[in-house]
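The values are calculated or read from the model by the stated rules, or taken from the named source; none is laboratory data. Worth saying up front: this structure is predicted, and the values here are computed from it rather than measured. Note that each Cβ is placed from the backbone with ideal geometry, even for glycine, and that neighbours are counted across all protein chains shown.
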Amino acid sequence: MILKSASHPHDGPLNDTEVLRIRNDFPILETQVNGKPLVYLDSGATSQNPLSVMEAEQEYYEQRNSAVHRGAHTLAVEATDVFEDARSTVAAFIGAADNELVWTQNATAGLNLIAYSFGNASVGAVSEAAKKFALAAGDEILVTEMEHHANLIPWQELCRRTGATLRFIPIHDDGTLDMSAAATLITERTKVLAFTHVSNVTGVINPVAELTAMAHAVGALVVLDACQSAPHLPLDVKALNVDFAVFSGHKMLGPTGIGGLYGRAELLDSMPPFLTGGSMITTVTMEEAAYLPAPQRFEAGTQPISQAAALAAACNYLSETGMERIHAWEAELGQRLVKGLEGIEGIRVLGPPSGVPRAGLASFEVAGVHAHDVGQFLDAAGIAVRVGHHCAQPLHRRLGLNSSTRASTYLYNTTGEVDAFLAAVAGVRSYFGVEGAAV
Ligand code: PLP
């Protein structure tokens, strides 16, 4: 395969002309689906890759492929440099120091790492430093009603292991977090507050700094699910003052199989490991082992090296384009989506109405038509959306439905694509013969 280099976008706000230039870097967007040009509105699930990301992975395998951190030979040294340079790039992208970024498989793995580490601190003999992560009956872990299952089930399991209680901050009918309930629920018993930065269903953007300040005031640790924010807006974990944050490479123009866990250095260094084995130890006897500091402490076994190189290329691509510009463009597309959907009879948009800031996505219900049918109808028109509960069953239940259809945008979507999507949605109910039926 011959790969071209990424184009270099210009300054100024993103607009359709600029986006058309950006699209040249994403060959998959040329695809025809069912005889129609692909309209890819499923970046909330997984994003597409620019050529520079594919080039980085290919270059790694063509020129540097080797085991990292243990070889004395030249290729091993070069592979280690690629791997650690990638860590610096991705850490800088989220405002972290190099030793505060742990490679994981994805955001789910990062959240499980934290929860299992805390669980390990809660059972058996652990170091004095690790005891501060221990949980027991009477302690509380607080999440929100809008969490992705990845930021819910690990905490359910941690409570099951330790006897701690899981509580949740409810949402209002418009999908926003009930901050007065949060103020009541965050107490001296709260040990962990884990919440999503941006809802993958409603596009609601949570007030991270405010929640973090409330949690820190009672001594709780804050875990931020940045899966839907790191790809789409400028993220600075230090400015937000969170203790941990997780994200997935495949949602931010990178490859699958890699994600990141940010943790404050002094926390990571005293937490018990989750996975154990090679590459994370200082000394091992037949009876016991001593562990390296972070990040190696949490990186047992052979790591996703080519994926790290490719994720760094993705972060460079995003930085060169400009996260402020990307965020502003997607905010515009998000408003266009919601406003358009609000104008179609029989559609109920989940989350805040148009005019209220939200991420560049919209989930909705079509009265009388199952979300899967909506998805298939749109697919026939070449439009890719996500249908189902989007791994957020409790949120859907709270909003009074089992499933919805979600259109999610990214820096490579045009206003014309949003309009094509809206025009297609306008025809769904008549196609299924439910036009005029009760909404
Ligand atoms: N959290 C949120 C808010 C998400 O949207 C997702 C994926 O959709 C995840 C966590 C889990 O991401 P992954 O499956 O890449 O681990």
Looking at the range 142-194, which of the residues that are closer than 13 Å to LEU395 by Cα and among the hydroxyl-bearing types (Ser, Thr, Tyr) is nearest to the ligand (Cβ to nearest atom)?
THR144
Per the filter on the range 392-402, residues away from the ligand (no atom under 14 Å from the Cβ) and either small (Gly, Ala, Ser) or without any contact (Cβ under 8 Å) to a residue 60 or more places away in the chain (or both) are ARG397, GLY400, LEU401, ASN402
If you go through the range 403-419 one residue at a time, do you hit one that is over 24 Å from ASN49 (Cα atoms) and without any contact (Cβ under 8 Å) to a residue 60 or more places away in the chain?
yes
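Look at the range 233-258 and say how many of its residues are away from the ligand (no atom under 11 Å from the Cβ) and either buried (at least 23 other Cβ atoms within 10 Å of the Cβ) or at negative phi (or both). Before the answer, list the steps.
Filtering the range 233-258 down to residues away from the ligand (no atom under 11 Å from the Cβ) leaves 233-245, 253, 255.
Still in the list and also either buried (at least 23 other Cβ atoms within 10 Å of the Cβ) or at negative phi (or both): 233-240, 242-245, 253, 255.
Residues flagged as away from the ligand (no atom under 11 Å from the Cβ) and either buried (at least 23 other Cβ atoms within 10 Å of the Cβ) or at negative phi (or both) within the range 233-258 amount to 14.
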Kindly indicate whether any position in the range 51-64 is in a helix (DSSP H, G or I) and touching a strand residue (DSSP E or B) at 6+ places or on another chain (Cβ under 9 Å).
no
What's the number of the only condition in (1) out of contact with any strand residue (DSSP E or B) (no Cβ under 6 Å at 6 or more places or on another chain); (2) under 15 Å from SER430 (Cα atoms) that PRO353 fails to meet?
(2)
Take the range 279-322 and flag every residue that is touching a residue at least 60 places away in the same chain (Cβ under 8 Å), part of a loop (DSSP other than H, G, I, E, B) and among the β-branched types (Val, Ile, Thr).
THR302
Scanning the range 207-232 residue by residue, the ones that are within 16 Å of the ligand (Cβ to nearest atom) and touching a Ser or Thr at 6+ places or on another chain (Cβ under 6 Å) total 3
If I go through the range 421-432 residue by residue, how many of them are under 32 Å from the mean Cα position of the chain (by Cα) and farther than 16 Å from PHE364 by Cβ?
0
Within the range 323-427, strands (runs of 3 or more DSSP E) holding 3 or more residues that are farther than 20 Å from LEU177 by Cα:
386-388, 404-408
Has the range 75-93 got any residue that is on the phi > 0 side of the Ramachandran plot and either touching a residue at least 60 places away in the same chain (Cβ under 8 Å) or in a loop (DSSP other than H, G, I, E, B) (or both)?
no
Quick one: ILE205 ticks every box in (1) surrounded by fewer than 20 Cβ atoms within 10 Å (Cβ to Cβ); (2) modelled with pLDDT of 95 or more except a single one, so which number is it?
(1)
Hey, can you tell me all the residues within the range 361-391 that are surrounded by fewer than 18 Cβ atoms within 10 Å (Cβ to Cβ), more than 15 Å from PRO37 (Cα to Cα) and away from the ligand (no atom under 16 Å from the Cβ)?
ALA367, GLY368, HIS370, HIS372, ASP373, GLN376
Of GLU324, GLU342, the only residue that is out of contact with any Ser or Thr (no Cβ under 8 Å at 6 or more places or on another chain) and surrounded by fewer than 21 Cβ atoms within 10 Å (Cβ to Cβ) is GLU324
Only one residue in LEU135, LEU111 is within 16 Å of PRO272 (Cα to Cα), within 16 Å of the ligand (Cβ to nearest atom) and either in contact with a strand residue (DSSP E or B) (Cβ under 7 Å, 6 or more places away or on another chain) or part of a helix (DSSP H, G or I) (or both), so which one is that?
LEU111
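Looking for whichever is modelled with pLDDT under 95, crowded, with 19+ Cβ neighbours inside 10 Å and of a type outside the set (Ser, Thr, Tyr) here; the options are ALA72, ALA6. Which one fits?
Working: ALA72 fails: crowded, with 19+ Cβ neighbours inside 10 Å.
Exactly one of ALA72, ALA6 is modelled with pLDDT under 95, crowded, with 19+ Cβ neighbours inside 10 Å and of a type outside the set (Ser, Thr, Tyr), namely ALA6.
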Scan the range 20-64 for residues that are crowded, with 20+ Cβ neighbours inside 10 Å and out of contact with any Leu (no Cβ under 7 Å at 6 or more places or on another chain) and jot them down.
PHE26, VAL39, LEU41, ASP42, SER43, SER52, ALA56, GLU57, TYR60
Going through the range 16-50 one residue at a time, which ones are more than 16 Å from the ligand (Cβ to nearest atom), assigned to a loop (DSSP other than H, G, I, E, B) and in contact (Cβ under 8 Å) with a residue 24 or more places away in the chain?
ASP25, PHE26, ASN34, GLY35, LEU38, PRO50
Output for the range 266-300, where each listed residue is surrounded by fewer than 16 Cβ atoms within 10 Å (Cβ to Cβ) and under 17 Å from VAL237 (Cα atoms)
GLU266
